[in-house]
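Worksheet: the structure to be examined is printed underneath.
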Amino acid sequence: MNSVGQPLQQRPLTTRVILAGVLGLIVFIMFQVAPQLLSGSGEEDTTVISKTEARTKAAAFAAQQLGHSQTAQDEWMVSYQTDSSFYGYMSREKLLEDYSKKKLDQRYPFDVFHAVLYTSGTSDPLLAVDLNMYTGEVAAFALGANANSGEGLNYGSIPPAGTSKGIYPEGSEDGGLTLEQKENLARPWLKLWGANPAKLQIEADNAGYGLVYSDSSVKVGESPLSYQFSFLDGDVSYFRAGFTAPAWHDTYVEDQTSLAKKLTLYGYGLPTLALGILALIFSILRRGHTSFVRGIFLSSVHFVIMMISTYNMLPESSADNAEAHITAVVMFIIYALYSLLMSSLLYFSLVGGNGLWRQEEGMNPWPRAKEPGYGKYVLDSIRAGYVWALILLGVQTVMFIILSYTLHNWSTTDASQSPYNMRYAWLLPIVAWLAGLSEEAVYRLFGIRMLKKLVKNTFIASLITTLIWAFGHTLYPIYPVSSRPIELTVIGLLFSYIFLRYGFIAVMFAHVVFDSILMGATLIFMQESVNIGAGIVTIIMPFVVGYIVYRFNPPNKSGHPQPKGPEEPFQPSGI
């Protein structure tokens, strides 16, 4: 970070830092990338079927097995759903590898495409079918009212067998059917799934199902294979074969989620709101040392990206009525107001943070484009950002390993954040720019200097803002919840170090590159050509953006010679 009035020159990267970046990349590839590649190199095909293929297979099953006559008004809506409860249980108990080796994931998948059939112009579904997203094989189905669930047939709409939690299927009345009648109706479906009814046990407590069979000879941990049925109007209205997590696991997750919500509200939400108010106040108080014009462009870009990202994550709707349109408009307005609020927080953090550092520290954390040497400074900042991003990836990987042995942390799936549920998966990485812009401006550029006014110590100020930032990530499906703040406190302190040593532009790019590599790898692992291409572009895009800035700000643009600083740049106060 340069002093105010000093010609711009980025701190050079030392050999030690570059070697640390190389080591970080090696560790990241060895423990995060390689296992993903090896898991997909076996005999099993890990290519995901297209949603178009899922629609075709669901329609064929509905016609052949459910007696549905296809019409021109049929409209299939397909989304990705996952049994995060059961996957989390297997992840926690180290059962995933065994589940895959026994090929149980092919017959009883935890990841599915949830295909729901609507008739054009109606809001209530006719039926729903879950399909293995890799093989296209049907995993579950529901008819009529039982299909009225956006959470997938395997998860959420039906409570796990042996528990009393969850939402019972709508219309699950059996119409006075006797146990014998239910068994007769269930028998053809059991045979279709390759099960022998004579070897199954009927569950006494079926927790709202019409009928539940279990096969104790096939177990995953404590969970036996179960076949779950519901009935409506004298026929089977719901069927699913698979496993469910034990009740104690779901209770643990609920307790952890409740804790995460409290940490997010009190540890992140309220302190961030306070920082936003202080940023507004100090933008006014330090107006003589900053500019209210400079933050407009970045804040506007942030708002546009946030709106695009929000639209990309909105689920597609099949309803074609006035109520649905009004709901869509209201939701759009709410998202727009929220995006405007977050972009305003970014704007005042940029203005206020810049003013605080310039007046009270005499430092220039966020140089202007008109300053001599700006283009070269940006290009050098991007180089630093890439190297430090590799270091951060290595550190994060090591943290994962340490936490797995100490806190025995584990993670699960989350359909709400999956690129498979985005309108355009290749747009996922734009979120990296949101994080790099807003989080570094709020918690580093403004937050550190603001907190330093109160605690009189740079490290403690960095630690406090880092903790606020870390608590904002506790709702991710990683358990125990305490493991996430521990990991991100280490990462956040490194971001603080980068900011104090290299300035705002460098730490912003370090954050963007860090997230872009992770999100780009996610797209590449999706295997489709468009996503692989988007993943590669994502990883190199920060450099492209920086190079464009450099080309528009060459060393001789303003007639100033390229500044030549000392061989050993000054040492700023830092952590």
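Within 10 Å, count the other beta carbons around each residue, average over each peptide in 59-66, 210-217, and list them highest first.
Working: 59-66: 15.5, 210-217: 17.9.
Peptide ranking by packing, descending: 210-217, 59-66.
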_Candidate lysines for bridging to K376, where Cα separation is under 29 Å - those fewer than 8 sequence places away on the same chain excluded_ = K557, K564
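Remind me, relative contact order of the chain in percent, using alpha carbon pairs under 8 angstrom and six or more residues apart? Please report the intermediate quantities before stating the final value.
Details: 932 pairs, mean separation 104.7, N = 575.
Once normalised by length, the contact order is 18 percent.
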*asked:* If the reach is capped at under 16 angstrom between alpha carbons, list the lysines near K219, excluding any in the same chain fewer than eight residues apart.
replied: K94, K101, K102, K103, K199
*Using only Cα atoms, locate the centre of the stretch 277-301 and the centre of the stretch 213-235, then give the distance between them in Å, rounded to an integer.*
60 Å
*Would you calculate a helix-derived [θ] at 222 nm for the chain, using -39,500 (n - 2.57) for each DSSP H run of n ≥ 4 and dividing by the full residue count, to the nearest 500?*
-16500 deg cm²/dmol
*Name the chymotrypsin sites (Phe, Trp or Tyr not before Pro) in the stretch 388-425 that are in a loop by DSSP and that have at most 14 other C-beta atoms within 10 Å, would you?*
Y424
_Dipole axis of the chain (+1 Lys, Arg; -1 Asp, Glu on Cβ), positive-most option in L451, L403, A59_ = L451
*For E528 and V4, what does the FRET efficiency come to when R0 = 60 Å and r is the distance between their Cβ atoms, rounded to the nearest 0.05?*
0.75
*Cα shape, the stretch 207-256, gyration tensor, a/c 1.5 rule*: oblate
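Looking at the chain, I'd like the Rg to Rh ratio, where Rg is from alpha-carbon atoms and Rh is Kirkwood's inverse mean 1/r. Please report the intermediate quantities before stating the final value.
Working: Rg = 27.4 Å, Rh = 26.5 Å.
Rg/Rh for the chain comes to 1.04.
Quick one: length gained pulling D255 to L285 fully straight, 0.36 nm per residue minus the C-alpha distance? If you can, show how the numbers build up before the last one.
Values: separation 30, 0.36 × 30 = 10.80 nm, distance 4.39 nm.
Contour length minus Cα-Cα distance gives 6.4 nm.
Find, to one decimal place in angstroms, the Kirkwood hydrodynamic radius of the stretch 448-529, where the mean of 1/r is taken over every pair of different Cα atoms and then inverted. Provide the component values of the computation, followed by the final result.
Numbers: mean 1/r = 0.0703 Å⁻¹.
After inverting the mean inverse Cα-Cα distance, the result is 14.2 Å.
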*Under a Cβ-Cβ cut-off of 14 Å, what is the net charge of the residues other than F141 that fall near it, where Lys and Arg count +1 and Asp and Glu count -1?*
-1
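When the dipole is taken about the Cα centre of the chain, and only Lys, Arg (+1) and Asp, Glu (-1) are charged at their Cβ, what size is it in debye, to the nearest 20?
3280 debye
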*Simple spin-label model, 7 Å along Cα-to-Cβ: T119 to E137 in nm?*
3.4 nm
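Mind listing which trypsin sites (Lys or Arg not before Pro) in the stretch 357-463 are in a DSSP loop and have 13 or fewer other Cβ atoms within 10 Å?
On the way: sites: R358, R368, K370, K376, R383, R423, R444, R449, K452, K453, K456; in loops: R368, K370, R423, K456.
Within the stretch 357-463, the qualifying trypsin sites (Lys or Arg not before Pro) (loop, at most 13 other Cβ atoms within 10 Å) are R368, K370, R423, K456.
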*Using the membrane-span-like helix rule (whole DSSP H runs, Cα extent along the own axis of at least 27 Å, mean Kyte-Doolittle hydropathy at least 1.6), which helices of the chain qualify?*
504-525
*How much length is gained on full extension from R16 to S300, taking 0.36 nm per residue of separation minus their Cα-Cα distance?*
98.4 nm
*For the stretch 202-286, with equal point scatterers placed on the C-alpha atoms only and solvent neglected, what are the log10 I(q)/I(0) values from the Debye formula at q = 0.13, 0.22 1/Å, to two decimals?*
-0.64, -1.03
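Since every read-out is calculated from the coordinates, none of them should be taken as a lab result. Remember, it's a predicted structure, so these values are computed and weren't measured experimentally. Don't worry about glycine lacking a Cβ; one is built from the backbone with ideal geometry, like all the others, and counts go over all protein chains shown.
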